[in-house]
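Visitor: Quick one: the structure is below, questions incoming.
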Amino acid sequence: MRKPDWIRVRAPNSTGYFETREIVKSNNLVTVCEEAGCPNIGECWDKKHATFMIMGEICTRACAFCNVATGIPTALDGQEPQNVANAVRQMGLTHVVVTSVDRDDLGDGGADHFSRVIEAIRKEAPATTIEILTPDFLRKPGALETVVAARPDVFNHNLETVPSNYLTVRPGARYFHSIRLLQQVKELDPSIFTKSGIMVGLGEERNEVLQLMDDLRSANVDFLTIGQYLQPTRKHHSVIKYVTPEEFKSFETIAYSKGFLLVSSSPLTRSSHHAGEDFAKLRAAREQQLTKSA
């Protein structure tokens, strides 16, 4: 399908972009911005915002929407937590997003590695707020508790799509396990903000998106992101529809009416796009909510 005008972005070529790329390379790091072919990389890297992808470049799953390579991963890099922390300090980040590939090969799914990355950032850049975007830790008892104990400021786990699409879009994952994971974060530590996101344009029905919103609210999720799915290569899942900006605005309005503290819904919305600004809005929304209930 031909991309509509509202989905087009300029190729990155700013000085800030190249400076960020050099910091990432000099610390031997991987970013989801590059691996997933994010359309916002030029804008974010120009502002020295990057989402670090830990635990290697090879994922143990093969989701139909994702451009990250699938295969047998390499061993964990023991220096990676400190390298991430160094890059956070060098880039002067006030808010950082850390994600990972799925590591079903590890006994804890990489939970301890996430914890060590959070700890290293806290030591190197104590004023920086930390957002993590985790895999589902399916069949990894105790993994979630390990990550929550490290006390990230935001715990993000994306549903990616509606449940009827899971067999074709997100094989290996379980929709209601992901809902329960997000719910457990709040049960373990209510002070942590929870967040989840989906892509639209994968063949979902509107009523399915609205039901997904209700499922997330039943798990007390604070923040919802909705963006347009873009097909990385011909071998990936096809784009079934380009959702209009007006439809995205309608989703945003409905999501707010269901009680989310914050909603980001637009064609180019991605999980970590404007994450720092959104975190400030999230805190303000919670303070306002607490004031009203007092």
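The values are calculated or read from the model by the stated rules, or taken from the named source; none is laboratory data. Fair warning: this is a prediction, and the values are worked out from it, not measured in the lab. Every residue, glycine as well, gets a Cβ built from its backbone with ideal geometry; the counts of neighbours run over all protein chains shown.
Visitor: Considering each residue of the stretch 154-165, count those that are over 24 Å from Ser191 (Cβ atoms) and either buried (at least 18 other Cβ atoms within 10 Å of the Cβ) or aliphatic (A, V, I, L, M) (or both), and give that number.
Guide: Number of matching residues: 5.
Visitor: Within the stretch 279-286, does at least one residue satisfy the condition of being crowded, with 21+ Cβ neighbours inside 10 Å and under 19 Å from Glu160 (Cβ atoms)?
Guide: No: zero hits.
Visitor: Check off (1) over 25 Å from Gln289 (Cα atoms); (2) free of Cβ contacts under 8 Å to residues at least 24 places away in the same chain; (3) charged (D, E, K, R) for Glu205 and give me the number that stays unchecked.
Guide: Evaluating Glu205 over (1) over 25 Å from Gln289 (Cα atoms); (2) free of Cβ contacts under 8 Å to residues at least 24 places away in the same chain; (3) charged (D, E, K, R) leaves (2) as the failure.
Visitor: Further question on the same structure: Please identify the pairs in which a residue from the stretch 217-241 that is in a loop (DSSP other than H, G, I, E, B) has its Cβ atom under 7 Å from the Cβ atom of a residue that is aliphatic (A, V, I, L, M) and exposed (fewer than 14 other Cβ atoms within 10 Å of the Cβ), counting only partners at least 6 apart or on another chain.
Guide: Short answer, once both residue conditions are applied: Val239/Met1.
Visitor: Report, by residue number, each residue of the stretch 148-190 that is charged (D, E, K, R), over 20 Å from Leu262 (Cα atoms) and touching a residue at least 40 places away in the same chain (Cβ under 8 Å).
Guide: Arg151, Arg170
Visitor: Can I ask one more? Which members of the stretch 67-94 meet the condition of being closer than 24 Å to Asp278 by Cα and not small (Gly, Ala, Ser)?
Guide: Passing the criteria: Val84, Asn86, Val88, Arg89, Gln90, Met91, Leu93, Thr94.
Visitor: Within the stretch 123-135, track down each residue that is under 16 Å from the mean Cα position of the chain (by Cα), assigned to a loop (DSSP other than H, G, I, E, B) and among the hydroxyl-bearing types (Ser, Thr, Tyr).
Guide: The one that is under 16 Å from the mean Cα position of the chain (by Cα), assigned to a loop (DSSP other than H, G, I, E, B) and among the hydroxyl-bearing types (Ser, Thr, Tyr): Thr134.
Visitor: Tell me which residues, restricted to the stretch 87-122, are over 15 Å from Val154 (Cα atoms), modelled with pLDDT of 95 or more and part of a helix (DSSP H, G or I).
Guide: Once the filter is applied, which keeps residues that are over 15 Å from Val154 (Cα atoms), modelled with pLDDT of 95 or more and part of a helix (DSSP H, G or I), the stretch 87-122 yields Ala111, Asp112, His113, Arg116, Ala120.
Visitor: So, one more: Please find, among Leu144, Leu76, the residue that is touching a residue at least 12 places away in the same chain (Cβ under 8 Å) and either part of a helix (DSSP H, G or I) or of a type in the set (D, E, K, R) (or both).
Guide: Testing whether each residue is touching a residue at least 12 places away in the same chain (Cβ under 8 Å) and either part of a helix (DSSP H, G or I) or of a type in the set (D, E, K, R) (or both) leaves just Leu144.
Visitor: Please go through the stretch 10-32 and give me each residue that is within 19 Å of the chain's Cα centre (by Cα) and either at pLDDT below 60 or assigned to a loop (DSSP other than H, G, I, E, B) (or both), ordered by number.
Guide: Scanning the stretch 10-32 gives Leu29, Val30, Val32.
Visitor: Do the conditions hold for Glu208, that is, is it of a type in the set (D, E, K, R), within 27 Å of Thr129 (Cβ to Cβ) and not in a loop (DSSP other than H, G, I, E, B)?
Guide: no
Visitor: Within the stretch 79-125, take every residue that is touching a Phe, Trp or Tyr at 6+ places or on another chain (Cβ under 7 Å) and free of Cβ contacts under 8 Å to residues at least 40 places away in the same chain and give me the one that is surrounded by the fewest Cβ atoms within 10 Å (Cβ to Cβ).
Guide: Across the stretch 79-125, the extreme among qualifying residues is Ala111.
Visitor: Name every residue in the stretch 242-262 that is among the aliphatic types (A, V, I, L, M), crowded, with 20+ Cβ neighbours inside 10 Å and outside any loop (DSSP other than H, G, I, E, B), in order of residue number.
Guide: Ala255, Leu262
Visitor: Here's another thing I want to ask about it. Restricting to the stretch 68-118, name every residue that is among the charged types (D, E, K, R) and over 17 Å from the mean Cα position of the chain (by Cα).
Guide: Listed by number, the residues that qualify are Asp77, Glu80, Arg89, Asp104, Asp105, Asp108, Asp112, Arg116.
Visitor: For the stretch 135-153, give me each residue that is within 18 Å of Leu282 (Cβ to Cβ) and crowded, with 23+ Cβ neighbours inside 10 Å.
Guide: Of everything in the stretch 135-153, just one residue is within 18 Å of Leu282 (Cβ to Cβ) and crowded, with 23+ Cβ neighbours inside 10 Å, namely Pro152.
Visitor: I'd like the residue in the stretch 235-288 that is under 30 Å from Arg2 (Cβ atoms), within 15 Å of the chain's Cα centre (by Cα) and not small (Gly, Ala, Ser) and, out of all such residues, is modelled with the highest pLDDT.
Guide: Val263
Visitor: Only one of these is surrounded by fewer than 21 Cβ atoms within 10 Å (Cβ to Cβ), in contact with a Gly (Cβ under 6 Å, 6 or more places away or on another chain) and either more than 16 Å from Ser266 (Cα to Cα) or not small (Gly, Ala, Ser) (or both): Arg234, Arg217. Name it.
Guide: From the options Arg234, Arg217, the qualifying one is Arg217.
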